[in-house]
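The next block holds one structure in the form of structure tokens; read it before the comments.
The values are calculated or read from the model by the stated rules, or taken from the named source; none is laboratory data. Being a predicted model, the structure only gives us computed values, none of them experimental. All Cβ positions, even for glycine, are placed from backbone atoms using ideal geometry, and neighbour counts span all protein chains on display. When the accessible area is computed, the model is the full protein with side chains, heavy atoms only, and any ligands, DNA or RNA have been set aside. Shrake-Rupley method; radii C 1.70, N 1.55, O 1.52, S 1.80 Å.
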Amino acid sequence: MNNEKVRLTVRGKFITFEGIDGAGKSTHIESTASLIRSRGAEVVVTREPGGTPLGEKLRALLLSEPMHLETETLLMFAARREHLACVIEPALDRGVWVISDRFTDATRAYQGGGRGVDAAKIEQLARWVHPHTNPDLTLLFDLSREVAQARLTTSRTLDRFEQEQGNFHSLVRSEYLKLAQAEPSRFRVIDASLTQEKIKKLLEKIIITI
Ligand code: TYD
């Protein structure tokens, strides 16, 4: 008989929130976490880029510093590797649920759809950085670029992505919708033009199914 401990802990669930800037996902993250906690699970709420001390430093660079688009993609994945190793994977292994404000779908949509980075390169990095950890559920907050832009607060300076002009955000949005169509069992598309109350009710219904 060997001495290896039998792992009895059920792995936590990994939920990601996605959408174009101004779609309003952040408002619903905390209420979703509270809902899950009220059902007895422990939850960690985190974000990308960021979520670790190093990741937050990389976030500051990514949101402000002009850089080559492939450098941007690699830094997103560097921050993600640190995030997975230090926060996401240890939590899931302990049975804790993780809610992340953005994950690899944001790279697919922003760097792939928005900037035109080769999708095959992004998938290669995704397989390298997180071969075994993918979201169980992705909530995509979908909203037209026009409404999202109007919602972006004018009381603070917009970051490098929010400042993008032209059809950048429309390309990001359509890439997100393509991703959702390709993986309907993982994605739920939320109509972000609905009232906050209606969205909260929708999220409650979705959460009890996973
Ligand atoms: P965001 O969640 O929008 O932060 P905040 O709500 O505080 O503005 O994320 C910051 C930006 O980073 C957002 O514009 C999308 C961008 N981003 C990418 O371009 N690629 C990625 O892989 C990730 C995780 C984020």
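Filter the range 72-87 for residues that are touching a residue at least 12 places away in the same chain (Cβ under 8 Å) and open to solvent by 40 Å² or more (accessible area, probe 1.4 Å) and give the result.
LEU74, LEU75, ALA78, ARG81, GLU82, CYS86 - these are the residues of the range 72-87 that are touching a residue at least 12 places away in the same chain (Cβ under 8 Å) and open to solvent by 40 Å² or more (accessible area, probe 1.4 Å).
Please work out which residue is surrounded by the fewest Cβ atoms within 10 Å (Cβ to Cβ), limiting yourself to the range 17-42 and to residues that are part of a helix (DSSP H, G or I) and of a type in the set (Gly, Ala, Ser).
Out of the qualifying residues, it is SER38.
Select from the range 69-91 the residues that are more than 10 Å from the ligand (Cβ to nearest atom) and of a type in the set (Asp, Glu) and write down the one among them that is nearest to GLU164 (Cα to Cα).
The qualifying residue nearest to GLU164 (Cα to Cα) is GLU70.
Within the bounds of the range 52-68, is there any residue that is more than 10 Å from the ligand (Cβ to nearest atom), open to solvent by 20 Å² or more (accessible area, probe 1.4 Å), polar (S, T, N, Q) and in contact with a strand residue (DSSP E or B) (Cβ under 9 Å, 6 or more places away or on another chain)?
The answer is no; no qualifying residue exists.
Rundown of residues vs (1) at pLDDT below 95; (2) within 19 Å of GLU72 (Cβ to Cβ); (3) open to solvent by 30 Å² or more (accessible area, probe 1.4 Å), yes/no style:
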site	(1), (2), (3)
GLN111	no, yes, no
VAL117	no, yes, no
ILE122	no, yes, no
VAL129	no, yes, no
ASN134	no, no, yes
LEU143	no, no, no
ALA150	yes, no, yes
THR153	yes, no, yes
GLU162	yes, yes, no
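Can you name every one of the helices (runs of 4 or more DSSP H) wholly within the range 92-185 that holds 1 or more residues which are under 15 Å from the mean Cα position of the chain (by Cα) and more than 10 Å from the ligand (Cβ to nearest atom)? Can you show your working first?
Numbers: elements: 119-129, 145-151, 168-182.
Correct list: 119-129, 168-182.
Residue under question is ARG186, and the condition is that it be open to solvent by 50 Å² or more (accessible area, probe 1.4 Å) and modelled with pLDDT of 95 or more; does it hold?
no
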